[in-house]
Amino acid sequence: QVQLVESGGGLVQAGGSLRLSCAASGRTFSSYAWFRQAPGKEREFVAAIRWSGGSTYYGDSAKGRFTISRDNAKNTVYLQMNKLKPEDTAVYYCAAEDYGLGSTANEYDYWGQGTQVTVSS
């Protein structure tokens, strides 16, 4: 059974850092991504990584502040978030797919349950 389990969310002050983890079980996918969704807003692409080779792709909101990485041995994907801003507050979701390095939610077939990130000002 395929599962993506996120962890690492929490409450942090503006300017602080958090590292999110996404542990995958059941199988390995071609690409993994992080999306986020704030209340009343659409799900937004944050970053994606190709499992083989480690190519990465970032959304505009993440460039320069967030880093996506993976640990092959642990079958885990990470999102290191630095210089956090109140507008980063959202539920962060891990997603996986078997094709390209997509940036739209409908390209991803598997999703985790999400982890809440709250950035206070």
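The values are calculated or read from the model by the stated rules, or taken from the named source; none is laboratory data. All values reported here derive from a predicted model rather than from experimental measurement. Quick note on the areas: whole protein, heavy atoms, side chains included, nothing else; ligands and nucleic acids left out. Shrake-Rupley method; radii C 1.70, N 1.55, O 1.52, S 1.80 Å.
Per residue, how much accessible surface does region 1-89 expose to a 1.4 Å probe? Answer in Å², no decimals.
Per-residue accessible area for region 1-89 comes out at 51 Å².
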Computed on alpha carbon atoms, what radius of gyration and Dmax characterise the chain, expressed in Å? 13.2, 40
Exposure rank, largest accessible area first [111, 34; 1.4 Å]: 111, 34
Of all the Cα-Cα pairs you can form in region 73-121, what percent are over 14 Å apart? 62
Step through the residues of region 104-113 one at a time and calculate ³J(HN,Hα) from phi using the Karplus curve (6.51 cos²θ - 1.76 cosθ + 1.60, θ = phi - 60°), rounding each to whole Hz and writing x for Gly and Pro. 10, 4, 6, 7, 9, 9, 10, 9, x, 7
Once amide hydrogens are built 1.01 Å from N within the peptide plane, the residues lying 5 or more places from residue 84 or on another chain with amide H under 5 Å from its amide H are 15, 16
Expressed as a whole percentage, what fraction of the accessible surface of region 10-121 belongs to carbon and sulfur atoms when a 1.4 Å probe is rolled over the protein heavy atoms? 46
Once phi for every residue in region 27-34 is put through the Karplus expression 6.51 cos²θ - 1.76 cosθ + 1.60 (θ = phi - 60°), the whole-Hz ³J(HN,Hα) values, with Gly and Pro written as x, are 5, 10, 9, 6, 9, 10, 8, 10
Tell me, what ³J(HN,Hα) does each residue in region 51-57 have, in order and in whole Hz, if you take phi through Karplus 6.51 cos²θ - 1.76 cosθ + 1.60 with θ = phi - 60° and put x for Gly and Pro? 5, 8, x, x, 4, 10, 8
For residue 47, distant residues with modelled amide H under 5 Å away: 34, 59
